[in-house]
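What follows is a single structure, written as structure tokens, with notes after it.
The values are calculated or read from the model by the stated rules, or taken from the named source; none is laboratory data. Note that this is a predicted model, so its numbers are computed, not measured. For neighbour counting, all protein chains shown are included, and Cβ atoms are generated from backbone atoms with ideal geometry for every residue, glycine included.
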Amino acid sequence: MAMIKDNRTIAAANGIASDSAFGAVTPPLYLSSNFAFREFGQAQEYEYSRTSNPTRDLLADTLSKLEGGAGAVITSSGMAAVNLVLCLLRPGDKVIAPHDCYGGTYRLLSALANKRHFEISYVDQQDDTAMAAAVEQGASLILVETPSNPLMRVVDIGKMSQHAKSAGARLVVDNTFLSPALQQPIALGADLVIHSTTKYLNGHSDVVGGAVIAANTNDVAELRGWANMIGVTGAPFDSYLTLRGIRSLYPRIERQQETAMAVAAFLSQRPEIRVVHYPGLPSHPGHEIAARQQNGFGAMLSFELNGGLEAVGRFVAALKVFTLAESLGGVESLVAHPATMTHVGMGEEARRAAGISDGLLRASIGLEARTDLLADLSSALTSIG
């Protein structure tokens, strides 16, 4: 596929009709945990599936092409991908992370920093003065989430790349919320890109997985070595399902973000809601940056209900189409309450500092009819009015 330029074609067709054994159009699933040696002392291309597997390698190749990387490592979960990147650090190294990052990432970073694996600073990355001050203290790795989870804050990746270069640090961007269909951080200066493939890449809420894509071959080799040593590589069947999901990534996310824009516009007009966080709205503080560095505004949004926890309880109980559940990026529409679900592990003080209130809800917009989703939201909002 060397001549193919359009990522939509790569997503749909990478690996298609490549089976040399029987001419299968769909790439085969290789579930074998081990592979026969050609003869004594002579291994074939594959030996053991923890180290490498044909199905997992095809998924890695596809993601590497979509993100414009030098290679990728497929992991067993999104958090395994974050942890794999942290394996590149040494004691005494300094990490700059967003103060409002995903709760699971915050929990992992804090736990490892408490064990002195590295030093951590949580910074409001939209605050140029705060970022400059943090970088001045030295940094080995700068972690960025854009848009952030759950407040949809947008960070200028190009500006973060300049900070990283000035400090001699790696820039790592979590691209889970947008996928390579809508944002390609490596082209904007990132060294590593992280995904929870559980989300948009798989897109059907039936796989847990992760990936790290690296911009240079040295990082690819080091990440592969660590992934093999600590055993976080993804399972072949999960890789097969994720690759199948990627085939429809572009049409899925294009439809989902169209509906998300309609939902955000609808919610922003409702008196029951204090604020809507969606970068596609011109009123969003990060709208201009998002329009510049993204290929679309995505299908994630959050909003804050007037009335706090009591209003949240009544609202989610009244929903009929949206499902109250964690995770995101599937074909079904979900709503989550970060303070008691995805970000509960941060603790109340850290949530307050990040701006995550008890009235905040996060929505993942799926493929249902727009009219049904809007009617469901309208009915649920009326129930708390």
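Worth a mention:
- Ala265, sole failed condition from (1) free of Cβ contacts under 8 Å to residues at least 60 places away in the same chain; (2) in contact with a Ser or Thr (Cβ under 6 Å, 6 or more places away or on another chain): (2)
- One residue alone among Lys94, Lys65, Lys5 is touching an Asp or Glu at 6+ places or on another chain (Cβ under 8 Å), among the charged types (D, E, K, R) and more than 30 Å from His277 (Cα to Cα), and that residue is Lys94.
- Residues (part of a helix (DSSP H, G or I) and either outside the structural domain of Ala190 (by TED's automatic domain parsing) or not hydrophobic (A, V, I, L, M, F, W, C) (or both)) located in segment 43-71: Pro54, Thr55, Arg56, Asp57, Asp61, Thr62, Ser64, Lys65, Glu67
- Residue pairs whose Cβ atoms lie under 7 Å apart, sitting 6 or more positions apart in sequence or on different chains, and linking a residue in segment 355-370 that is under 16 Å from Arg153 (Cβ atoms) and touching a residue at least 24 places away in the same chain (Cβ under 8 Å) to a partner that is of a type in the set (D, E, K, R) and not in a loop (DSSP other than H, G, I, E, B), are Ser357/Glu304; Leu360/Glu304.
- Candidate set: segment 3-17, residues that are outside any helix (DSSP H, G or I) and without any contact (Cβ under 8 Å) to a residue 12 or more places away in the chain; chosen: the one surrounded by the fewest Cβ atoms within 10 Å (Cβ to Cβ): Met3
- Check on Ile289, under 30 Å from Ser64 (Cα atoms) and among the β-branched types (Val, Ile, Thr): yes
- Entirely in segment 183-274, the helices (runs of 4 or more DSSP H) that have 2 or more residues that are surrounded by fewer than 17 Cβ atoms within 10 Å (Cβ to Cβ) and assigned by TED's automatic domain parsing to the domain that holds Arg170: 217-230
- Within segment 277-381, strands (runs of 3 or more DSSP E) holding 3 or more residues that are out of contact with any Asp or Glu (no Cβ under 9 Å at 6 or more places or on another chain) and either at negative phi or exposed (fewer than 14 other Cβ atoms within 10 Å of the Cβ) (or both): 300-305
- Annotation note: of Val220, Val193, the sole residue that is in contact with an Asp or Glu (Cβ under 7 Å, 6 or more places away or on another chain) and in contact (Cβ under 8 Å) with a residue 60 or more places away in the chain is Val193.
- Of the residues examined, Ile253 is not one that is in contact with an Asp or Glu (Cβ under 7 Å, 6 or more places away or on another chain) and within 23 Å of Leu182 (Cβ to Cβ).
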